[in-house]
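To keep things clear, I will list the structure first and then write my remarks on it.
The values are calculated or read from the model by the stated rules, or taken from the named source; none is laboratory data. Because the structure is a prediction, the values reported are computed rather than measured. Note that we place each Cβ from the backbone using ideal geometry, even for glycine, and neighbour counts take in every protein chain shown.
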């Protein structure tokens, strides 16, 4: 996804170094799914499954009493939980809380909370509120005032399934428009420190709940602040964009859905033909399968980068995964309606349940508007900072004069007839030559457009919603092309059974992605 700083290592798809470990994880996942299915609709039995498998320990490093599971294993677990959203969100909240404490907490907080999370004694949940994503924090109503040297928390946060939680990560605003994250423990006998607000059941197979908790004049110690107060905004953003596990869960959900749709299409006749033989239906289901393949490639690619510590920050990539997962769920909803239609009444697919599951998972994720803004603005700011001197020169008077005479033509040639710079095709399978050229041309055009926009308008383009939408979409396609090329090339090299199909899918996806990216960028260029 890098615009110009491309390294050949980016086309090496991360994989397990030990196949035995991968097989063990798949066996564990198979057993876990069977036990969850057997315990479905029985709350006590589900919690017994959670405790028996010690799932809380999976998200904590070994140093603090956990299993120290690698990211690829975590994603595999989340993929298996994708058909059981209530169970998944419990796991996601535990993983997110432990990750935030590990990343931002001080030594005392890590030693106090992480071992108890690993053992299951502490059950954490993380508060979320959309306004905290905004750079302008005027709309954040939760406050923490300093009165007589004490911090008084007056906050309202939403939580997922917080009824039995005993550690809450609460966000509130301090003086100076700083967002601070507090670690609030709910101990036996002190349930009166805050009020449980309206509890809304979000429809789904097991009834996901969104809890509104009010904290009124609750006295907080300075030791309850997670990490440093100035890190609060970063922590808040992490809760909204660091959702790679959500992408993996959507992959698992989609695989189950595609299997159900395939069975339905094979047994349902229309005009004396199975639905599975109709070209329109084939197109819909194949498109779902292709997009699921792309999302899966993205997730495990980023998971592998985390494990190998090749990249320091992957926030943009994880936000892209989150955005793509939301899009895929929306597409799944519309495609299922198109395939099943009025037959949903008697199809036996539990269509209402499916609809509720998709709606619940969409409601409990960040909005596409927030994700578009985050992805595009991060890339724009990164490019602007890296090329500040060059852009500043072009915005000077002399350079503007030169630009009016010659620069527009130079940029037009660069945009419409890009040159190969990295020769990416040399590092992939020969069949993927055209896909690699499409990727490199898109990368070049994006760089050319960012240069043009920043030279003419400066950083003010981060307030242009049309530009943000187009740039975020192209970044998404760039990332999808890199991951599918890397994955399919690796599959062919090691002789996987469906490697020919993966090569074909990568070619198809990269062709479509390059054409759409060209159209999006051309709108802004013109």
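Overview of results
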read-out: Among (1) surrounded by fewer than 20 Cβ atoms within 10 Å (Cβ to Cβ); (2) closer than 30 Å to residue 476 by Cα; (3) modelled with pLDDT of 90 or more - the single one residue 309 does not satisfy; value: (3)
read-out: Search result, residues across segment 107-120 that are closer than 27 Å to residue 156 by Cβ and in contact (Cβ under 8 Å) with a residue 24 or more places away in the chain; value: 109, 113, 117
read-out: Conditions (1) more than 26 Å from residue 356 (Cα to Cα); (2) surrounded by fewer than 19 Cβ atoms within 10 Å (Cβ to Cβ); (3) modelled with pLDDT of 95 or more: number failed by residue 297; value: (2)
read-out: Filtered residue count, segment 421-439, keeping only those that are free of Cβ contacts under 8 Å to residues at least 60 places away in the same chain and under 23 Å from residue 524 (Cα atoms); value: 1
read-out: Single match in 488, 504 (criterion: assigned to a helix (DSSP H, G or I) and crowded, with 21+ Cβ neighbours inside 10 Å); value: 488
read-out: Restricting segment 124-158 to residues that are surrounded by fewer than 23 Cβ atoms within 10 Å (Cβ to Cβ) and within 22 Å of the chain's Cα centre (by Cα), the residue that is modelled with the highest pLDDT; value: 158
read-out: Residue among 280, 276 that is over 20 Å from residue 504 (Cβ atoms) and over 25 Å from the mean Cα position of the chain (by Cα); value: 280
read-out: Selection within segment 207-248 - assigned to a loop (DSSP other than H, G, I, E, B) and surrounded by fewer than 18 Cβ atoms within 10 Å (Cβ to Cβ); value: 207, 221, 228
